[in-house]
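Reviewing the structure listed below.
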Amino acid sequence: MATLSSSPPPSILSAAAANSKTPHLKPPLLFFPKPLATALTTALATSALILTSPPSSIASSTYSIYYGTAASAANYGGYGGNSDKKASAEYVYDVPEGWKERLVSKVEKGTNGTDSEFYNPKKRQEKEYLTFLAGFRQLAPKDVILNNLALSDVELQDLIAGADSLVSEEKKDGDGQVYYVYEIDGIGKHSLISVTCARNKLYAHFVNAPGPEWKRDEDTLRHIHESFKTTGSS
């Protein structure tokens, strides 16, 4: 007769022994393949550059502030000007880096009221300048003002006569001062004009550019157009 053993088989003992102890589980380690790790590092570095670098248009554009005194022809300093223009300035506008100042003569100041002018030496017809006229307490209607400015500016007369479009509007700054703004698109030339009255004077700021330069430098030209304003008490 066969004898039955009361002991369980070795395989059952092994399983029971294994289950009698609670194993200590360690969290799995994650490993990225080298190409994926490199891609993540590159993406993080690129994000940091995007967050810390200024927009290219801001980083590449540098301007200086011009302080204009609008002195009469009789008191005009000619080629020296006032020693402290900032303290006696009646108006300001921005000048792009690299632009040159064209010195205005007393005769020119006395005939057409030109007070200051800057130009792009790479294309002299790309320029900004300011004229002023005394004896204006307030602005006349927009079309009257533009026609009066053209009386002493032959280029402006030709531009208006051959304009493809002429847009005008009225704006106010934070102090409530009124500015007339004109944009003229003519044959091969574009012009932005801003006009205002202060100190019993009329100030007109011009930004002109030939067609190709306007298309290329529009952002810069609009910036200097919008930078013009009078200073101090009106």
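The values are calculated or read from the model by the stated rules, or taken from the named source; none is laboratory data. Quantities reported herein were computed from a predicted structural model and do not represent experimental measurements. Cβ coordinates were reconstructed from backbone atoms using ideal geometry, including for glycine residues, and neighbour counts include every protein chain displayed. The protein model used for the area step is the full one, side chains on, heavy atoms only, and it has no ligands, DNA or RNA in it. Shrake-Rupley method; radii C 1.70, N 1.55, O 1.52, S 1.80 Å.
What the Cβ-Cβ distance of Lys171 and Lys86 gives, at R0 = 41 Å and to the nearest 0.05, is a FRET efficiency of 0.95. Sequence neighbours fewer than 8 away in the same chain don't count; with that in mind, list the aspartates and glutamates whose C-alpha is under 12 Å from Lys106. Here the aspartates and glutamates satisfying the reach criterion relative to Lys106 are Asp115.
Positive-end ranking of Trp99, Gly188, Gly176 along the dipole of the range 99-234, with charges on Cβ about the Cα centre, is headed by Trp99.
Of the whole protein surface, Glu169 contributes about 90 Å² of accessible area at a 1.4 Å probe radius.
Cross-link reach is defined here as a Cα-Cα straight distance under 14 Å, omitting same-chain residues fewer than 8 places apart; for Lys86 the aspartates and glutamates meeting it are Asp94. For Arg124, the accessible area of its heavy atoms, probed at 1.4 Å with every protein chain present, is near 140 square angstrom. Dipole size of the range 74-213 about its Cα centre, with +1 on Lys/Arg Cβ and -1 on Asp/Glu Cβ: approximately 480 debye, rounded to the nearest 20. Taking all protein chains together and a 1.4 Å probe, the residues Asp164, Asp185 rank Asp164, Asp185 from largest to smallest accessible area.
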